[in-house]
Amino acid sequence: MRSKFYTPFLYLLSALIIIVCVFPFYWAIVSSLKTGSDLFKVEFWPAHLTFSNFIEIFKEQPFGHNILNSVFVAVGTVSISLMLAITASYALGRVRFRGRSALLLSILSISMFPQVAILSGMFELIRTLGLYNNLLGLIFSYMTFTLPFTTWILTTFMKQLPKEIEEAAIIDGASTLTICTKIFLPLLWPALVTTGLLAFIAAWNEFLYALTLTVESQSRTIPVAIALMTGASEFELPWGKIMAASVVVTLPLIVLVLIFQRRIVSGLTAGAVKG
Amino acid sequence: MAQVVLKNVRKVFDKTEVIHNINLEIPDNEFTVFVGPSGCGKSTLLRLIAGLEDITEGSLHIGNTDVTTIPPAKRGVSMVFQSYALYPHMTVYENIAFGLRCSQYSRNEIEKRVLQASEILQLNHLLDRQPKQLSGGQRQRVAIGRAIVRDPKVFLFDEPLSNLDASLRVKMRMQIAKLKHDLKTTMIYVTHDQVEAMTLADRIVVLNEGTIEQVGTPMELYHHPRNKFVASFIGSPKMNFVEAHIASLADGNVNLDLPHDKRITLPVSLSEGIVLEEKGNVEVGVRPEHVFVVQKEEEALFTGDVTIVENLGSETYAYVKIGWGQTILVRLQGESRIKVGDSLALSAAPKDCHLFDTKTGLSFERAPV
Ligand SMILES: Nc1ncnc2c1ncn2[C@@H]1O[C@H](COP(=O)(O)OP(=O)(O)OP(=O)(O)O)[C@@H](O)[C@H]1O
Ligand SMILES: [Mg+2]
């Protein structure tokens, strides 16, 4: 009975992995519930629970506003990227034309550029467009990294859809737009959810562009707002509040992932569509 | 009125020509079957007619309209694919209705037509299911339903039954035969199944390497194949070919030497362009079902030892080695007691023998049966 012998190890290993992954988040929650010098005591459950951190972050700064900014930017980025990526992947995945693979390869290589490399160029571009300190500017700049990978992933899924289904629709008299919306979109739905979620997370967590392209605290997104939080004095780092803010902004992501969990799993096998 | 006419049609895929200069007229309301070996261009020809591939050169008419450059949806054709190609996320009803919805039919009209089609194909109880909840035969019926609701001028089938198992195939074949009878529409059907071709077709088009070898009714092809290729392709098991030497030619008859000093006299009508030379070589073709066993050796055309016996109960096939390194296949009625190693004397009626030119493979014309 090998399996009986190995089962405890399996559980042990799983437990280890879960601890490593979840512990930081647990620590953040615990820290967010503490204030003052309690913060630096090692406790697995705080002796004095307090929610003052959560209240203060909304009082002392426009944190609610920052959350709305982040939601706006992330949703905008996801929807515009998906819209463009769907149409692009239809062309790249289903239409034969000259230079198709060259185009695909260049899209892939663009996504390899480090953000810093295009930062100064992006800054000039945004300023010229008059989008400096504007959320639209952030959406625009975020698409430099979301668009390549959404296009790339959707193209892969698009290519896997059987050709006969498209041809049957053509014979049935469906226009290209109808084929895209009535045939391909429903079949790609799981893939869309997966890529959309990845793009959302990327946009939600982005820091560098958000820091560079906004100045006022009113127009900041969450990661920047958290990083620029200041304590009572110059020398105090407000750990409790930072942790409280992190918990607040991580929760929506977790909820999203849980909601779409089954979609994500099936999205990864969406290629298995068969008549 | 929906005859299909192809004129000088060529198709080139990335520099290789796959369809060479095809001229074909498919009459209205006929059931035409394309047969041919794998890769000969049957599907390509069908897709050219459907409009899924562009015609490189030549023209295509459906009815009296030139549709060479018209998109598929406007040609009035519908197609059934080998892999069913159902829309996986739609129910059977939606699958069948999709084409009608694209053509902006009214809701009532759509419902009427879908129900009518599902009646014909016995799909009524399956209308709410998704394709993944159907068996292969049911899926194929849905695919056919999707094709018939649109009331097309021309039906195209690309090996619709080849994904089904043997017994289901027989059932679906009967269903298609019934459909052909009920719908009375021009139908073009691609298959490489002998039986489907022979039983369903009004006319068969035999294709080989992108050209048409012969067009005719199943019986024309069976009795009067134009060349060796058609002769061996039509009929199952395939025709035997035996090498023979021309001994002499005399008024409409040719005397041939066969292995083991046997002789046969065959009638030929020597049409223009075909020359038989004395002392030349020809091939005699005779189908396994036309060969029979004779008791006396003197009456035999072929003699030899049995090398393989295949007993199917209703009939028995025996392979007989007849000399000059040749083997012929003979079909015997019922369960035969013949064993491997037995010596057999075989004969065939001259009217059942075909004569082919060894070099060109063309057949010498026989008197009509
Ligand atoms: N899209 C394509 N690009 C290039 N060559 C093609 C394409 N489609 C078909 N061919 C070639 O055209 C020839 C005919 O193909 P086709 O599919 O018509 O054969 P078929 O008679 O239907 O064979 P099968 O019985 O195996 O289905 C083949 O040699 C094939 O390689
Ligand atoms: Mg084919």
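The values are calculated or read from the model by the stated rules, or taken from the named source; none is laboratory data. Quantities reported herein were computed from a predicted structural model and do not represent experimental measurements. FYI the Cβ positions are ideal-geometry reconstructions off the backbone, even for glycines, and counts take in every protein chain you see. All accessible areas refer to the heavy atoms of the entire protein, side chains included, with ligands and DNA or RNA removed. Shrake-Rupley method; radii C 1.70, N 1.55, O 1.52, S 1.80 Å.
Things to note:
- Accessible surface of chain B [probe 1.4 Å, protein heavy atoms]: carbon and sulfur percent: 49 percent
- With both labels modelled 7 Å from their Cα along Cα-to-Cβ, the B:ASN8 to A:TRP45 distance reads 9.1 nm.
- A:CYS21 - accessible surface, heavy atoms, 1.4 Å probe, Å² rounded to 10: 90 Å²
- Buried solvent-accessible surface, both chains (B, A), 1.4 Å probe, Å² to nearest 100: 1800 Å²
- Along its principal axes, region B:240-364 has C-alpha extents of 46, 25, 22 angstrom, given from the largest down.
- Dipole magnitude for the protein assembly as shown: computed about the Cα centre from +1 point charges on Lys and Arg Cβ and -1 point charges on Asp and Glu Cβ, it is near 1740 debye.
- Rounded accessible area per residue of region A:60-269, 1.4 Å, Å²: 49 Å²
- Burial of 40 Å² or greater, region A:135-164 residues [accessible area, probe 1.4 Å, versus chain by itself]: A:GLU164
- Sites B:SER314 and B:ASN64, calculated FRET efficiency, Cβ-Cβ separation with R0 56 Å, nearest 0.05: 0.70
- Efficiency of FRET from Cβ geometry, B:THR360 and B:ARG107, R₀ 60 Å, rounded to 0.05: 0.45
- For region A:1-50, the direction-averaged projected area of the alpha-carbon convex hull comes to 4.2 nm².
- For region B:1-62, the fraction of C-alpha pairs farther apart than 19 angstrom is 27 percent.
- Local charge for B:ILE110 was computed over the other residues whose Cβ lies under 14 Å away, with Lys and Arg +1 and Asp and Glu -1, and equals +1.
- Under 5 Å, built H, 5+ apart or other chain: amide partners of B:PHE34: B:TYR189, B:VAL190, B:THR191, B:VAL205
- Applying the Karplus relation 6.51 cos²θ - 1.76 cosθ + 1.60 with θ = phi - 60° to region B:27-41 yields 3J(HN,Hα) values of x, 4, 6, 9, 9, 10, 10, 9, 10, x, x, 4, x, 7, x Hz, where x marks Gly and Pro.
- Acute angle (nearest 10 degrees) that the helix A:115-128 long axis makes with the longest principal axis of chain A, alpha-carbon atoms: 80 degrees
- Orientation-averaged projected area, Cα convex hull of the protein assembly as shown (nm²): 45.7 nm²
- Proportion of all alpha-carbon pairs of chain B beyond 30 Å (%): 50 percent
- Ratio of Rg to Rh over region A:82-188 (Cα coordinates, Kirkwood Rh, two decimals): 1.09
- In Hz, Karplus ³J(HN,Hα) per residue of region A:178-194 (6.51, -1.76, 1.60; θ = phi - 60°; x = Gly, Pro): 4, 4, 4, 7, 8, 9, 6, 4, x, 6, 8, 3, x, 5, 5, 4, 4
- Ordering B:PRO237, B:GLY99, B:TYR189 by Cα displacement along the dipole of the protein assembly as shown toward the positive end leaves B:GLY99 in first place; charges were set at the Cβ atoms of Lys, Arg (+1) and Asp, Glu (-1).
- Using a simple spin-label model with pseudo-atoms 7 Å out from Cα toward Cβ, A:LEU228 and B:GLU209 lie 7.7 nm apart.
- Cα-Cα separations in chain A greater than 29 Å, expressed as whole percent: 49 percent
- Positions from region B:80-98 whose accessible area shrinks by 20 Å² or more when the full protein complex is built, not the chain alone, probe 1.4 Å: B:PHE81, B:SER83, B:ALA85, B:LEU86, B:TYR87, B:PRO88, B:HIS89, B:PHE98
- R0 of 51 Å, Cβ-Cβ distance A:LYS159-B:VAL293: FRET efficiency to nearest 0.05: 0.30
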